[in-house]
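The values are calculated or read from the model by the stated rules, or taken from the named source; none is laboratory data. Small disclaimer: the values here were computed from a predicted structure and weren't measured. In this analysis, Cβ positions are derived from the backbone assuming ideal geometry, glycine residues included, and neighbour counts consider all displayed protein chains. Just the protein is used for accessible areas: all its heavy atoms, side chains included, with ligands, DNA and RNA removed. Shrake-Rupley method; radii C 1.70, N 1.55, O 1.52, S 1.80 Å.
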Amino acid sequence: MSDKKRDPFGNIWITSRIRMDAHAKFTRLDRLSHITLTFYSVALLGFSVFQSHLTNTPLGPYVSEISIVLSASILCASLVVWGLGFGALARDHRDCYLALQRLYDAEMNEQDKKSAYQDVLTKHPNHSDLDYERFIFRKLWIEHALLETPRGPVTMGCLRAAKYLVKEIIAWTFGLTLVSSPAIIIAAFYAI
């Protein structure tokens, strides 16, 4: 079977791979958020247990207030994590890439395959632009692979690659700041 028959848009394979990457990303975020919340809950418990040892430190007069604020923060953070639904998004992206892979392998005429492709896309959440750029960057710049669609080869010039890297650095910086901010705040209080 020719590749045109398997993938009339030239996007079924690419979209399925990007959705695989999105599935992996949301699975990592789900695990990381649970591990982070667990870590901060244990740290709060330790902070509360060793409260008497902190009485002669700069934190001493504020330990109860800090414990209350941290408890409320952990509660709010757990509600936000639950609301973001990383696990559900991971499952949706997995269902999508499995459906796309079945479609890619199916023997049907071009018009039916195009219609089925649109049906799969409308039933599942879309990946982000950053997911797409990450996939293209990895394939073209790291793996030095050739990505071909009926419209021609997919390219990523130096400027586009640099923009992607800046966006990725900003996303990682924001994520690390968000995860580590409670520890930074407690350290700042302790240093005062």
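Things worth noting here:
- In the stretch 138-147, the count of residues that are touching a Pro at 6+ places or on another chain (Cβ under 9 Å) and loosely packed, with under 12 Cβ neighbours inside 10 Å is one or more.
- Flag for Ser71 being at pLDDT below 90 and either over 30 Å from Ala116 (Cα atoms) or open to solvent by 80 Å² or more (accessible area, probe 1.4 Å) (or both): yes
- Condition check for Asn56: under 15 Å from the mean Cα position of the chain (by Cα) and part of a loop (DSSP other than H, G, I, E, B): no
- Checking each residue in the stretch 144-182 for being in a helix (DSSP H, G or I) and touching a residue at least 60 places away in the same chain (Cβ under 8 Å) picks out Val179, Pro182.
- When the residues of the stretch 127-137 are filtered to those that are in contact (Cβ under 8 Å) with a residue 40 or more places away in the chain and open to solvent by 50 Å² or more (accessible area, probe 1.4 Å), the one that is nearest to Arg19 (Cα to Cα) is Tyr132.
- Scan of the stretch 148-172 for residues that are modelled with pLDDT under 90 and open to solvent by 40 Å² or more (accessible area, probe 1.4 Å), ordered by number: Glu148, Pro150, Arg151, Pro153
- Looking at Tyr117, Tyr97, Tyr132, just one residue is assigned to a helix (DSSP H, G or I), hydroxyl-bearing (Ser, Thr, Tyr) and farther than 28 Å from Gly175 by Cα, and that residue is Tyr117.
- Candidates Arg19, Arg31, Arg102 - the one that is open to solvent by 60 Å² or more (accessible area, probe 1.4 Å) and under 30 Å from Gln118 (Cα atoms): Arg102
- Residue match in the stretch 57-64 (condition: open to solvent by less than 30 Å² (accessible area, probe 1.4 Å), under 25 Å from Ser180 (Cβ atoms) and either aromatic (Phe, Trp, Tyr) or free of Cβ contacts under 8 Å to residues at least 60 places away in the same chain (or both)): yes
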